[in-house]
Every structure is written in C-alpha cells, then in structure tokens.
1. Quick one: which residue in Thr202, Thr163 is more than 19 Å from Asp334 (Cα to Cα), modelled with pLDDT of 95 or more and out of contact with any helix residue (DSSP H, G or I) (no Cβ under 7 Å at 6 or more places or on another chain)?
2. What residue, among those in segment 107-129 that are touching a helix residue (DSSP H, G or I) at 6+ places or on another chain (Cβ under 9 Å) and either among the aromatic types (Phe, Trp, Tyr) or more than 18 Å from Thr299 (Cβ to Cβ) (or both), is nearest to ligand 2 (Cβ to nearest atom)?
3. Tally time: how many residues in segment 221-242 are surrounded by 14 or more Cβ atoms within 10 Å (Cβ to Cβ), within 15 Å of Thr253 (Cβ to Cβ) and of a type in the set (A, V, I, L, M)?
4. Please identify the pairs in which a residue from segment 40-66 that is over 24 Å from Tyr337 (Cα atoms) and assigned by TED's automatic domain parsing to the domain that holds Thr124 has its Cβ atom under 6 Å from the Cβ atom of a residue that is away from ligand 3 (no atom under 16 Å from the Cβ) and assigned to a helix (DSSP H, G or I), counting only partners at least 6 apart or on another chain.
5. For segment 227-262, give me each residue that is within 28 Å of Gly53 (Cβ to Cβ) and of a type in the set (S, T, N, Q).
6. Going residue by residue through segment 97-109, is there one that turns out to be away from ligand 1 (no atom under 16 Å from the Cβ), in the same structural domain as Val31 (by TED's automatic domain parsing) and of a type in the set (S, T, N, Q)?
7. Scan segment 72-88 and report the pairs whose first residue is closer than 27 Å to Pro61 by Cβ and of a type in the set (D, E, K, R) and whose second residue is part of a strand (DSSP E or B) and at pLDDT below 95, with Cβ atoms within less than 6 Å and a gap of 6+ or a chain change.
8. Can you name the residue in segment 107-117 that is in contact with a Ser or Thr (Cβ under 8 Å, 6 or more places away or on another chain) and touching a residue at least 24 places away in the same chain (Cβ under 8 Å) and, of all such residues, is nearest to Ile68 (Cα to Cα)?
Amino acid sequence: MLTVPAYAATSATEPLAPTTVERRDVGPHDVLIDIKYCGICHSDIHNVRSEWGPATYPLVPGHEIAGIVTQVGSEVTRHAVGDRVGVGCMVNSCRECVPCLRGEEQYCLKGNTLTYGSIDADGTLTQGGYSTHVVVNDDFVVTIPEGLGLDEAAPLLCAGITTYSPLRRWGAGPDKKVAVIGLGGLGHMAVKIAHAMGAEVTVLSQSLKKMDDGLRLGADHYYATGDPATFEQLAGTFDVILNTVSAKLDLDTFLGLLAVGGTMVNVGAPAEPLSLNVFSLIMQGRVYAGSLIGGIRETQEMLDFCAEHGIGAEVEIIPAEKINEAYERVLASDVRYRFVIDTATLA
Ligand code: NAP
Ligand code: ZN
Ligand code: ZN
C-alpha cells in the first residue's frame, strides 16, 4: 500500500482540501502511474457538489490523468516503466457483456468502475487524479503519443474523447455542418476535433466574448445565443449539433437549428431534467441523442488522431491550492479552456 498526497472534497458544500489517499499494491495486471497533470472537468464539480445524486466523501475527483509509468505488474504487456500514459473516466468493467466486447466499456451492462466514486474489486472506494500517484489495471491505461505534451494531453482523456466519439459516430467530416453549443472544456475540444475531421464548424456561445479564440481554434463561424437573431439566421442549418452545456437549455430553440434529418447530441449533463416539444423532432425527422465518453480502444484512436493533427487542449496550469478558485471560474464560464493541476504542487 502506498499513501500519497491528494486533494479531496469532504462534503457537498466545503471547499476541497489537502489530504492523503491509499493506493493498492501493484497487482499482476496493474501499473503504477506517477501523475504529472490532471484536468478539471465540469463533471468533477457536479460530483463534488452531489448534483447528480449523493456522493460519498471524502472524494478525490479527477479523471483526466496524464503521467509516467513507474512500476508494472508481472502480467502487464501493454505498458512499461517510463511510458507516457493516460487514464480517463473508467478504471475497469466486466469485459464480458455485449457493450464491453464491442469496446464500449462506458456502457458496460454491469456498470463500469469509475476512476473516482466507484466501489473497486477490493471493496474500497476509487479515488481520482487530484493526486500524485494512481494504480490502474493495464487494460484501462492508454498511451499518450510522442508530440503531445502531458499537460495538453490530460484533458483529452475526458473532454477529448467525449467530443471525438459522437463527432465520429454522427459523421462529422467534409460537407457536414457541425455546431458546438458552449465554448468551455468540451466545447473547445469539439471545435478543434470537428475542424480536423473536415467539417464546417460553428460555435454557439452565450456571447461574442470568446469569438477570436473560437475562430483561432478552428471554427468557421461564431454566433451569440444571447441574440435572438441568431436563431432566425441559422434555422434549419446544421447536420450535427453537439450540446456541451452544463446547464439547462431551451432545447426546442436549438433543435430548430437542425437541418432535415439532423442530429443533436447531448453530452452536457446538467442535473435538472431537460424537456422538449416532440414536434421539434417530428416535423423535420430530427434526432435527439446522448453520448457518454468513449471506449478504451476509441480513446487510444482519439489520442492518435489528436497527435497526428497536432491537437492538444488549451490549458491553464494551476497549483493544487487554486482548485477551489478554478471551480468558481468554471462555474462562471470563465475557463480558457481547461484548468489542469500540476500535481507536483501536491507533494
Ligand atoms: P465547462 O468548461 O464549464 O463548459 C460548459 C460551457 O457551457 C461554458 O463554458 C459555457 O460556454 C456554456 N454554459 C455554461 N452555463 C450556461 C448556461 N447557463 N446557458 C448557456 N450556456 C452555458 O464544462 P465542461 O467540462 O466542458 O463540461 C460540460 C458538461 O458536459 C458538464 O455538464 C459535464 O458534466 C458534461 N460532461 C459530460 C460527459 C459525457 O460523457 N457525456 C463527459 C464530460 C463532461 P459559453 O461561455 O461559450 O456560452
Ligand atoms: Zn469529465
Ligand atoms: Zn461489461
């Protein structure tokens, strides 16, 4: 057992604070990772504040982990000491059900083991990447390709795969018009990835404040959803709309922007239920869909795609003591475009 520094939430209302967590001994199929960077995802905030249901405390968040392998178990074949690796939202799954066999471990029928807040095989609670080290089953560890810095790669483990997977599935590419709602952590990755896939990309942000950034990141067009004219101008335009917004939206208004047969995919996960008028879908054969992160194989594919296209996240690196401040800035849509914790500041 290894006792390592971490940052944890102790309740839904208290600020996060320094602590330690225990990491299990490296088993035959495990790797020990020296975490270098961990991204702050809005899901960490939803979880820490028990917005998706009661969390178990103390809770160490963090599922955008990038680091270096420092020890491997006797049966490990995929990684070696010194490898640059990443861990996302999952650290295990049943491996036997239909989704697992298809490589969609995120949809494991027995419920996968999340990087934090899940009961692990040994009965302990998993604890995430706001920490200096983690022990993870080799099959849930991906390789960070050369050419991607570990800091800019960390957010790819959640924000990258969560946007890459639906963009691939719903055919973002040449001759496709893709809109991204919300230019935050997920949104900025969606813009970069959809642009690299060859789509014509439009950002739909609350205001035009971040327009220069949006265009620099690869968007072809940028509109403010605070301006009602946007919805008249763009009615019936898009083949795919990716909704990354962490709060409740008026879905009908946004569904009106889809072309006939177009698809709006919700990856944003607000706590409150969203509602829609079915006529927003029926009259133009539109589709409203959801998507959860991506499987391990697809996560590796996404990392390789990003390395090939020179895509990393735009990060603001912070010391651990700024985590609570960063949470407030994320909540105020004041993130450009992912906070990443330098875990050396935890030691
Ligand atoms: P984020 O960095 O906070 O970005 C969310 C963006 O949504 C903000 O930057 C803002 O963009 C926009 N927004 C926020 N509040 C809004 C409001 N009241 N009305 C309209 N727009 C608003 O968050 P994130 O880390 O990208 O995560 C986004 C959501 O995805 C969260 O709910 C998270 O839990 C969820 N998520 C889901 C998955 C999955 O697998 N499905 C994976 C990861 C995260 P503008 O300033 O440009 O308007
Ligand atoms: Zn996440
Ligand atoms: Zn399964």
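1. Result: Thr202 is the single residue among Thr202, Thr163 that is more than 19 Å from Asp334 (Cα to Cα), modelled with pLDDT of 95 or more and out of contact with any helix residue (DSSP H, G or I) (no Cβ under 7 Å at 6 or more places or on another chain).
2. Tyr116
3. The qualifying residues number 3.
4. Between residues of segment 40-66 that are over 24 Å from Tyr337 (Cα atoms) and assigned by TED's automatic domain parsing to the domain that holds Thr124 and residues that are away from ligand 3 (no atom under 16 Å from the Cβ) and assigned to a helix (DSSP H, G or I), the close pairs are Ala55/Asn47.
5. Asn243, Thr244, Ser246, listed by residue number.
6. no
7. none
8. Among residues in segment 107-117 that are in contact with a Ser or Thr (Cβ under 8 Å, 6 or more places away or on another chain) and touching a residue at least 24 places away in the same chain (Cβ under 8 Å), the one nearest to Ile68 (Cα to Cα) is Thr115.
The values are calculated or read from the model by the stated rules, or taken from the named source; none is laboratory data. Please read these numbers as outputs of a predicted model, since none were measured by experiment. Positions of Cβ are backbone-derived with ideal geometry, glycine not excepted, and every protein chain shown enters the neighbour counts.
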